[in-house]
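The structure appears below as structure tokens.
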């Protein structure tokens, strides 16, 4: 169910999906601040964060945590995950926003993020390392080849209420 906000209909449950570097967290944060809706990162649903290192949640615990989130009246969920365990949030979302930013732009953002993290300008839930940088480039390629077609197919098959955003100006237009 959506809520009317200053003559604009705002969805109560928003799922944002896209590759690493697509702008998911930034968009989720902006929407969260603007409309006072809590946002959640799917990576934090998968991983239990500890100073000594992350621990992967058991599937049952992960699913229970996601279930608790999607049973709230309002939420914003963001992540690159499009596995079966995430389908519940897709199904409960008022809208699914797919950030389909250009591949090369994501590659540049990944590199910039890595440098900012090394300089201590940006924080992360993980320790920035060269191996993590390479993994992000790999995830970006895999997302483009495997996940992206699956997401588009899911939108078509399930007739999901979805929007595909490709540029920063489209993001700004959506927010404003």
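Data table
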read-out	value
Share, in percent, of DSSP beta bridges within the chain that are antiparallel, nearest 5	25 percent
Label point distance in nm, residue 115-residue 49, each placed 7 Å from Cα along Cα→Cβ	2.5 nm
Order by protection proxy (mean Cβ within 10 Å, highest first), peptides 61-68, 91-98, 123-130	91-98, 61-68, 123-130
FRET efficiency estimate (nearest 0.05) - Cβ-Cβ, residue 61 to residue 132, R0 22 angstrom	0.35
For the chain, built as a Gaussian network whose Cα springs stay under 10 Å, the top-fluctuating residue of 52, 162, 32	52
Mean Cβ neighbour count within 10 Å, used as a protection proxy, ranking 133-140, 39-46 highest first	39-46, 133-140
Spin-label pair residue 173/residue 123, simplified geometry with 7 Å Cα→Cβ offset, distance in nm	3.5 nm
Binned Cα-Cα distance frequencies in the chain - 5 Å width, integer %	1, 8, 16, 20, 22, 17, 11, 4, 1, 0
222 nm mean residue ellipticity, helices alone, for the chain (DSSP H n ≥ 4; -39,500 (n - 2.57); rounded to 500)	-14000 deg cm²/dmol
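Since every read-out is calculated from the coordinates, none of them should be taken as a lab result. Since the model is a prediction, treat every value here as computed from it, not as a measurement. Counting neighbours? That spans all protein chains shown, and the Cβs are built from the backbone with ideal geometry, glycine included.
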